[in-house]
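Notes follow once the structure below has been shown.
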Amino acid sequence: MVTKGKKLYEGKAKILYETDNPGLLIQYFKDEATAFNAQKRGVIREKGVMNNAISARLFGLLEENHIKTHFVEKLSDREMLVKRLDIIPVEVVVRNIVAGSLAKRMGLEEGVPLKETVVEFYYKSDELGDPMINNYHIRAFGLATDEELKEMVENALRVNEILKRFFDERDILLVDFKLEFGRHHGEILLGDEITPDGCRLWDKGTLEKLDKDRFRRDLGKIEEAYEKVLKKVMSS
C-alpha cells in the first residue's frame, strides 16, 4: 500500500499526486470538463468516477493483450495507482471513421468509414492549442526518437484493433481516440486515460454520440451517455 503525498500536477481532467514510492503516482479523476482548448468549461456529474472505472477496465484489457501501460491498480472510486512517466509531448490520434477536425479539414461528412486507419500526431501544448505535427517535426525538435515513435505507432494500431473488437462486441463504434505515451525505466508505456473524454464512441445501431462531443456540441444527456459506456465496458 502506498501513502499519498503532495500534489504534483493538476490538469483539466485529472490530478497527479506523489506517493512514498518515487516510481508510482496516484491519478485522481475530476468531474470538470473542458473543450476547445479550455475555452468552454463545465462539470459532468460523476464523470471522474465513471472515467476511473472505464480506464481501469480498458487498461486491464490492454495489459491482458500484452500492451504495456502505466496502470497498476484502481485504488478508489476516483483514484488509480500508476507508474510515473516522463511523458512524451506527442499525442497520437487514431481514426477509423471521419469525425471532428478531420471532417472539417477534408470537407467530408462525419460518419464516413476510412478505407484504412489514419494515425495523426499533435504537439502536446495547451498554450499552442495542440497543433498537428508530423514525424519530421518530431525528429527535428527532438520530441521522440525514431525508435520511440515507431513503437508508439505500432502500439497505437494494436490498441485500436483490441478496442475496436471490444467495443464492437458491445454494439459501440470506436470512431477515433487519443493516446499519450511516456518513458518509464527505459520502456515506452501507454499513459493518461482511455475514456469518453478522449475517444469518440457511437452507438452502432443509432449512431448516437456517447462521448464528450455531447458536451462540446451542447447535445445534452452527457451523464447518461457516459453511464451507457460504463455499463457496456463493465459487461462481460
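Looking at (1) without any contact (Cβ under 8 Å) to a residue 24 or more places away in the chain; (2) in the same structural domain as SER101 (by TED's automatic domain parsing), can you tell me which one LEU189 breaks?
Failing condition for LEU189: (1).
Starting from residues that are on the phi < 0 side of the Ramachandran plot and outside any helix (DSSP H, G or I), keep the ones in the stretch 209-236 and report whichever is surrounded by the fewest Cβ atoms within 10 Å (Cβ to Cβ). Let's see the steps before the verdict.
Taking the stretch 209-236 first, the residues on the phi < 0 side of the Ramachandran plot are 209-217, 219, 222-236.
Pick out the ones that are also outside any helix (DSSP H, G or I) and you get 209-212, 217, 219, 235-236.
Values: LYS209: 22, LEU210: 27, ASP211: 24, LYS212: 24, ARG217: 10, LEU219: 12, SER235: 8, SER236: 2.
Applying the filter and picking the extreme gives SER236.
Please count how many residues of the stretch 87-112 are over 21 Å from the mean Cα position of the chain (by Cα) and in contact (Cβ under 8 Å) with a residue 12 or more places away in the chain. Please lay out each step first, then the result.
Of all residues in the stretch 87-112, those over 21 Å from the mean Cα position of the chain (by Cα) come to 104-109, 112.
Subset that is in contact (Cβ under 8 Å) with a residue 12 or more places away in the chain: 112.
So the count comes out to 1.
Would you check which residues across the stretch 38-55 are closer than 23 Å to ASP130 by Cα and of a type in the set (S, T, N, Q) and list them?
Correct list: GLN39, ASN51, SER55.
Could you please find all residues in the stretch 222-236 being hydroxyl-bearing (Ser, Thr, Tyr) and within 14 Å of GLU169 (Cβ to Cβ)? Walk me through it before giving the result.
First, pick out the residues of the stretch 222-236 that are hydroxyl-bearing (Ser, Thr, Tyr): 226, 235-236.
Answer for the stretch 222-236, where residues must be hydroxyl-bearing (Ser, Thr, Tyr) and within 14 Å of GLU169 (Cβ to Cβ): SER235, SER236.
Which members of the stretch 37-77 meet the condition of being surrounded by fewer than 15 Cβ atoms within 10 Å (Cβ to Cβ) and touching a Gly at 6+ places or on another chain (Cβ under 9 Å)?
Answer for the stretch 37-77, where residues must be surrounded by fewer than 15 Cβ atoms within 10 Å (Cβ to Cβ) and touching a Gly at 6+ places or on another chain (Cβ under 9 Å): ASN37, ASP77.
Here is a check on your reading of the model: is GLU10 closer than 19 Å to VAL233 by Cβ and either in contact with a strand residue (DSSP E or B) (Cβ under 9 Å, 6 or more places away or on another chain) or among the charged types (D, E, K, R) (or both)? Walk me through how you get there before you give the answer.
Details: closer than 19 Å to VAL233 by Cβ: no; either in contact with a strand residue (DSSP E or B) (Cβ under 9 Å, 6 or more places away or on another chain) or among the charged types (D, E, K, R) (or both): yes.
Judged against the criteria, GLU10 is not a match.
I need the full set of residues from the stretch 6-54 which are without any contact (Cβ under 8 Å) to a residue 24 or more places away in the chain and among the acidic types (Asp, Glu), in order please.
Matches in the stretch 6-54: GLU10, GLU18, ASP20, ASP31, GLU32.
For the condition of a type outside the set (S, T, N, Q) and under 22 Å from GLU187 (Cβ atoms), what is the one hit in GLU46, GLU64?
Values: GLU46 fails: under 22 Å from GLU187 (Cβ atoms).
Just a single option satisfies the conditions, and that option is GLU64.
The values are calculated or read from the model by the stated rules, or taken from the named source; none is laboratory data. These figures come from a predicted structure and were not determined experimentally. For neighbour counting, all protein chains shown are included, and Cβ atoms are generated from backbone atoms with ideal geometry for every residue, glycine included.
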